[in-house]
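Following: one structure in structure tokens, then a few remarks.
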């Protein structure tokens, strides 16, 4: 199991948080805590890659920053 925090640009409200939550749920993460500006995600690295998590956040319309 991998647990990682992602910094996210462009989130400004609760609707932004919900959009990211929906995309992360769709790829099947084990758990996620999303706040404006960040997400802490736990996932099985044998089923989901870091790239898939980043892509899900980007699909919601936001940018993951280092």
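How many residues does the stretch 27-66 hold that are without any contact (Cβ under 8 Å) to a residue 40 or more places away in the chain, in a helix (DSSP H, G or I) and out of contact with any helix residue (DSSP H, G or I) (no Cβ under 7 Å at 6 or more places or on another chain)?
Of the residues in the stretch 27-66, 3 are without any contact (Cβ under 8 Å) to a residue 40 or more places away in the chain, in a helix (DSSP H, G or I) and out of contact with any helix residue (DSSP H, G or I) (no Cβ under 7 Å at 6 or more places or on another chain).
Working only within the stretch 1-25, note down all residues that are under 10 Å from the mean Cα position of the chain (by Cα) and closer than 18 Å to residue 65 by Cβ.
Passing the criteria: 4, 5, 6, 7, 8, 17, 19, 20, 23, 24.
Anything in the stretch 26-63 that is under 9 Å from the mean Cα position of the chain (by Cα), over 16 Å from residue 1 (Cα atoms) and surrounded by fewer than 18 Cβ atoms within 10 Å (Cβ to Cβ)? List them, or say none.
Result: 38, 54, 55, 58.
None of the figures in this text is laboratory data; all of them are computed from the coordinates on show. Please read all numbers here as calculations on a predicted model, not as lab measurements. Ideal geometry is used to build each Cβ from the backbone, glycine not excepted, and the neighbour counts take in all protein chains shown.
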